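Worksheet for the structure shown next.
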Amino acid sequence: MDLAWISVAALAVTVVVSCTTRMNPGILAITFAWVIAFGIAPLLGQSLEVKSVLAGFPSELFLTLTG
């Protein structure tokens, strides 16, 4: 299975879980991103760097919303 399909499945799980429970979908999505990048990708023979994973995180938006 390709990483793209695994990511889409993780997104679908995030949406379903956020609709049925009170869990924060942002935290769940970030957790899935780390698990896919550093747990599943090496098993599939692909390596991702921490910089490439963090590049997708909107840190400026996070700081704006937190402040």
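Structural remarks
- Here segment 34-60 is the region considered, the condition is being small (Gly, Ala, Ser) and surrounded by 14 or more Cβ atoms within 10 Å (Cβ to Cβ), and the residue that is farthest from VAL13 (Cα to Cα) is ALA41.
- Of the residues making up segment 43-61, those that are more than 13 Å from ASP2 (Cα to Cα) and either assigned to a helix (DSSP H, G or I) or at pLDDT 85 or above (or both) are VAL50, LYS51, SER52, VAL53, LEU54, SER59, GLU60, LEU61.
- Yes/no for TRP34 being aromatic (Phe, Trp, Tyr) and either touching a Gly at 6+ places or on another chain (Cβ under 9 Å) or modelled with pLDDT of 90 or more (or both): no
- Segment 17-28, residues that are loosely packed, with under 12 Cβ neighbours inside 10 Å, among the aliphatic types (A, V, I, L, M) and assigned to a helix (DSSP H, G or I): ILE27
- Only one of THR64, THR31, THR14 that is exposed (fewer than 10 other Cβ atoms within 10 Å of the Cβ) and in a helix (DSSP H, G or I): THR64
So that you can scan it fast, the table gives a plain yes or no per residue for (1) modelled with pLDDT under 90; (2) over 10 Å from the mean Cα position of the chain (by Cα):
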{"site": "ILE6", "(1), (2)": "no, yes"}
{"site": "ALA10", "(1), (2)": "no, no"}
{"site": "ALA41", "(1), (2)": "yes, yes"}
{"site": "LEU65", "(1), (2)": "yes, yes"}
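- Hits in segment 1-11 - residues which are out of contact with any Leu (no Cβ under 7 Å at 6 or more places or on another chain) and either small (Gly, Ala, Ser) or part of a helix (DSSP H, G or I) (or both): ALA4, TRP5, ILE6, SER7, VAL8, ALA9, ALA10, LEU11
The values are calculated or read from the model by the stated rules, or taken from the named source; none is laboratory data. On a predicted model such as this, the values are computed, not experimentally measured, just so you know. Cβ sites come from the backbone with ideal geometry, for glycine too, and all protein chains shown count toward neighbours.
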